[in-house]
């Protein structure tokens, strides 16, 4: 039987998200501005992201026999995810407290894995077929390390691609790295694993070198709003972020990246292109509230991803051309005749981090340039959108 799709070993929790202007101090009570409850957990989020990105997905976990467990089952059913999940009455389904800053969208999280905290190597062995049959195996560290280790062992022995997201940042034996084709930490996790500060790309590359020295095949370090670093033994390249709109919440961005990356790998995409696809997935997810509910569908990702690939090489030249054209118009026209429309057409930058605007407005901007130059030839006229 040929391999296909993605298998994810991880945790499901119910996210309890609170929005406020700041975190309360000990003993302090503050008023929040919003609350939401929904499906979460790093592993389940990554499974949802991969499924919505077009992959066939199996999810391996443990949940309680309770209302939160029912929410888990309904979530996977809705997303077409095959659950390989044990249910227990001995522990509740997990939950996460998520503080979300009400304007910036950044977050702080406390996770209690509940029943998933009891996943054992024996549980993983019981569903080993799901791992062996998958093109890509993904795991993290919200469940016990020995379960993650066993999953990686099975996947490596079966020839599946292994993706390890070392989050949350906890201690584990470095021998685990040798089982990983891709290690995907964020800046904080990379620093915790290597002792090297990741404050810029140079620091990320040094941390990447340290992860490779520990045995990882490739280090893929996510850098938040700066994108990611794809760091392999034969190449080290910056993966730029994809700006898909106003940032609303960043909580599930890392999971979106991992899920999109895994889905693309399962499709046979070149790893660097898969990382770019993951970046596009994450870029869309942060424009929406929530974690699993914020994961984009394949058609949405393709739209942003293909637009970037098609328009990206031309956008810097376009920015320079627009600046020159705007200067030319300003020289020809009285300031009072420029009006709001011209400012809308020429005021904002189109750059490598704004592909959607670039693709949507390119024709209209070009038309406004022609209209503007016509004013210089034929006298004042009102700009139209």
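Just so it is clear, none of the values below were taken in a lab; they were calculated from the coordinates. These figures come from a predicted structure and were not determined experimentally. Reconstructed Cβ throughout: ideal geometry from the backbone, glycine too, with neighbour counts over all protein chains shown.
For segment 192-254, count all C-alpha to C-alpha pairs, find those more than 12 Å apart, and express that count as a whole percent of the total. Numbers along the way, then the final one.
Details: 1331 of 1953 pairs.
Of all Cα-Cα distances in segment 192-254, 68 percent exceed 12 Å.
Report, to one decimal in Å, the Kirkwood hydrodynamic radius for segment 83-235 based on all distinct Cα pairs.
On the way: mean 1/r = 0.0601 Å⁻¹.
The answer is 16.6 Å.
On average over all directions, what projected area in square nanometres does segment 1-61 have, based on the convex hull of its Cα atoms? Display every interim value, and only then the final one.
Numbers: hull surface 23.9 nm².
The number I arrive at for segment 1-61 is 6.0 nm².
Hey, fewest Cβ within 10 Å first, where do 291, 251 land in order? Could you put the intermediate results ahead of the total?
Numbers: 291 31, 251 27.
Ordered by Cβ neighbours within 10 Å, fewest first: 251, 291.
Which value in Å is the Kirkwood Rh of segment 105-189 over different Cα pairs? Display every interim value, and only then the final one.
On the way: mean 1/r = 0.0742 Å⁻¹.
Kirkwood radius, segment 105-189: 13.5 Å.
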